[in-house]
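Student: After the structure tokens below, expect a handful of questions from me.
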Amino acid sequence: MADQALVWRRCMDAEERPQWCSLLRLDTASVTAEHGVYVVWHGGDEPETVLVGQAFFVTVGEQLARLRDDERLLAYADHGLFVTWAEVKDADLLDGVERYLGDRLEPLEGRVPDAVPLPVNLPWDEEDDD
């Protein structure tokens, strides 16, 4: 059971149904969370987590916009890059949340902080509630 309950964000399709967001097509200006974590994955034959990270000095939207120029991520673009994010109101918890996500999702790129993992719900945990 997760200690912190995060609300993972999705985009809406043309019929206003929730769907995972495309990192390369997301309107990052609409993502205004000040502090938060994000998960980027590719949708190939065997989807894998590509990167787990956090936004602290910039909004989550600004951080996601920067990722669009990250060569490490763009190497997976042929498989489709998807993203979700969650606001973490207490910035002091960001390192622990990111560490937990990194430990659980084992991203292909990046490094996780050296922090005590803080258990949270994973983005896909919420699908059972739909």
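The values are calculated or read from the model by the stated rules, or taken from the named source; none is laboratory data. Worth saying up front: this structure is predicted, and the values here are computed from it rather than measured. Here the Cβ positions follow ideal geometry from the backbone for every residue, glycine too, while neighbour counts run over all protein chains shown. For the accessible areas, the whole protein counts, side chains as well, though only heavy atoms, and no ligand, DNA or RNA atoms are used. Shrake-Rupley method; radii C 1.70, N 1.55, O 1.52, S 1.80 Å.
Student: Among the residues that make up segment 27-35, is at least one of them more than 19 Å from Arg111 (Cβ to Cβ), among the hydrophobic types (A, V, I, L, M, F, W, C) and loosely packed, with under 15 Cβ neighbours inside 10 Å? Walk me through how you get there before you give the answer.
Tutor: At the first step, the residues of segment 27-35 found to be more than 19 Å from Arg111 (Cβ to Cβ) are 27-35.
Now drop any that are not among the hydrophobic types (A, V, I, L, M, F, W, C), which leaves 29, 31, 33.
Cutting the leftovers down to loosely packed, with under 15 Cβ neighbours inside 10 Å gives us 29.
Taking every residue of segment 27-35 in turn, at least one turns out to be more than 19 Å from Arg111 (Cβ to Cβ), among the hydrophobic types (A, V, I, L, M, F, W, C) and loosely packed, with under 15 Cβ neighbours inside 10 Å.
Student: How do the pairs read when you match residues in segment 3-29 that are in contact (Cβ under 8 Å) with a residue 60 or more places away in the chain with residues anywhere that are of a type in the set (Asp, Glu) and not in a loop (DSSP other than H, G, I, E, B), using Cβ under 8 Å and keeping only pairs 6 or more apart or on different chains?
Tutor: Correct list of pairs: Leu6/Glu87; Val7/Glu87; Trp8/Glu126.
Student: Give segment 89-101 a look and list any residue that's touching a residue at least 40 places away in the same chain (Cβ under 8 Å) and in contact with a Leu (Cβ under 7 Å, 6 or more places away or on another chain), or say none.
Tutor: Selection gives Leu93, Val97.
Student: For the subset of segment 63-89 comprising residues that are among the aromatic types (Phe, Trp, Tyr) and out of contact with any helix residue (DSSP H, G or I) (no Cβ under 9 Å at 6 or more places or on another chain), which member is farthest from Leu108 (Cα to Cα)? Let's see the steps before the verdict.
Tutor: First, the residues of segment 63-89 that are among the aromatic types (Phe, Trp, Tyr): 76, 82, 85.
From what is left, the residues that are out of contact with any helix residue (DSSP H, G or I) (no Cβ under 9 Å at 6 or more places or on another chain) are 76, 82.
On the way: Tyr76: 10, Phe82: 14 Å.
Selected residue: Phe82.
Student: Go through segment 74-130 and give me each residue that's surrounded by fewer than 19 Cβ atoms within 10 Å (Cβ to Cβ) and among the small types (Gly, Ala, Ser).
Tutor: Ala75, Ala77, Gly80, Ala91, Gly110, Ala115
Student: Further question: Just name the residue that is nearest to the chain's Cα centre (by Cα) out of those in segment 102-112 that are in a loop (DSSP other than H, G, I, E, B) and in contact (Cβ under 8 Å) with a residue 24 or more places away in the chain. Break it down into steps so the answer makes sense when it comes.
Tutor: Applying the first criterion (in a loop (DSSP other than H, G, I, E, B)) to segment 102-112 yields 106-112.
Retained after the next criterion (residues that are in contact (Cβ under 8 Å) with a residue 24 or more places away in the chain): 106-110, 112.
Working: Glu106: 13, Pro107: 11, Leu108: 14, Glu109: 13, Gly110: 13, Val112: 13 Å.
Checking each candidate, the answer is Pro107.
Student: Scan segment 50-68 and give yes if some residue there is closer than 21 Å to Asn121 by Cα and open to solvent by 80 Å² or more (accessible area, probe 1.4 Å), otherwise no.
Tutor: So far as segment 50-68 goes, yes, one or more of its residues are closer than 21 Å to Asn121 by Cα and open to solvent by 80 Å² or more (accessible area, probe 1.4 Å).
Student: Suppose the filter is out of contact with any Cys (no Cβ under 7 Å at 6 or more places or on another chain), touching a residue at least 60 places away in the same chain (Cβ under 8 Å), closer than 16 Å to Gln4 by Cα and small (Gly, Ala, Ser); does Ala86 pass it? Steps first, answer last, please.
Tutor: Working: out of contact with any Cys (no Cβ under 7 Å at 6 or more places or on another chain): yes; touching a residue at least 60 places away in the same chain (Cβ under 8 Å): yes; closer than 16 Å to Gln4 by Cα: yes; small (Gly, Ala, Ser): yes.
Yes; evaluated as a whole, the condition is true for this residue.
Student: Look through segment 39-72, keep the residues that are free of Cβ contacts under 8 Å to residues at least 40 places away in the same chain and of a type in the set (A, V, I, L, M, F, W, C), and return whichever of them is nearest to Asp90 (Cα to Cα). Full working, then the answer.
Tutor: Taking segment 39-72 first, the residues free of Cβ contacts under 8 Å to residues at least 40 places away in the same chain are 43-47, 55-63, 65-66, 69-72.
Those left that are additionally of a type in the set (A, V, I, L, M, F, W, C): 55-58, 60, 65.
On the way: Ala55: 12, Phe56: 10, Phe57: 13, Val58: 15, Val60: 14, Ala65: 23 Å.
Going through the qualifying residues, I end up with Phe56.
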